[in-house]
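Notes for the one structure printed next.
The values are calculated or read from the model by the stated rules, or taken from the named source; none is laboratory data. Small disclaimer: the values here were computed from a predicted structure and weren't measured. Backbone-built Cβ (ideal geometry, glycine too); neighbour counts: all protein chains shown. Heavy atoms of the whole protein, side chains included, go into the accessibility calculation; ligands, DNA and RNA do not. Shrake-Rupley method; radii C 1.70, N 1.55, O 1.52, S 1.80 Å.
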Amino acid sequence: PALQALEETMTESQLESKKQMESLSAQISSLAPSLVMLKQVLEVQDSSTSMVQRLQEKLSTMEPALAKLDERLEKAEQQAAASSGELKGSLASLNPQIRALETHLANKQQESSSAILRAVEERVAAVSVQ
């Protein structure tokens, strides 16, 4: 009887263990899709992290070149400002000379016109005398 009771207890225990195993197996099966998704998320995160690191490396190699370009741009702006100032100064100094030339040309044109008019008057007078 004791052996039979032990066998029954073991059988009950085995059945209970089997039920627990089936339950655990079902739980694991239901978690499988979530685990696959989690694995994919982790892979994407690793890929993103790797990409960010590469971009940071590229940026760090570009920073000196960008700094040099900034310096060149600043120098070019300063040179342009200086050149602009020089041109304004040159134009300002040329303005009186241009006015003087215009006056001189106007005077020469008037003298030439007067000379032509005198020559025409003299010829008209010479023709009238004849």
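Observations, loosely collected:
- Checking each residue in segment 75-93 for being open to solvent by less than 70 Å² (accessible area, probe 1.4 Å) and not polar (S, T, N, Q) picks out Ala76, Ala80, Ala81, Ala82, Gly85, Gly89, Ala92.
- Gln20 passes every criterion in (1) of a type outside the set (Phe, Trp, Tyr); (2) within 56 Å of the chain's Cα centre (by Cα); (3) surrounded by 10 or more Cβ atoms within 10 Å (Cβ to Cβ) apart from (2).
- Set side by side, the residues Ser113, Ser128 differ, and just one is exposed (fewer than 10 other Cβ atoms within 10 Å of the Cβ) and either at positive phi or assigned to a helix (DSSP H, G or I) (or both), which is Ser128.
- Reported count of residues in segment 1-17, each being open to solvent by 90 Å² or more (accessible area, probe 1.4 Å) and assigned to a helix (DSSP H, G or I), is 10.
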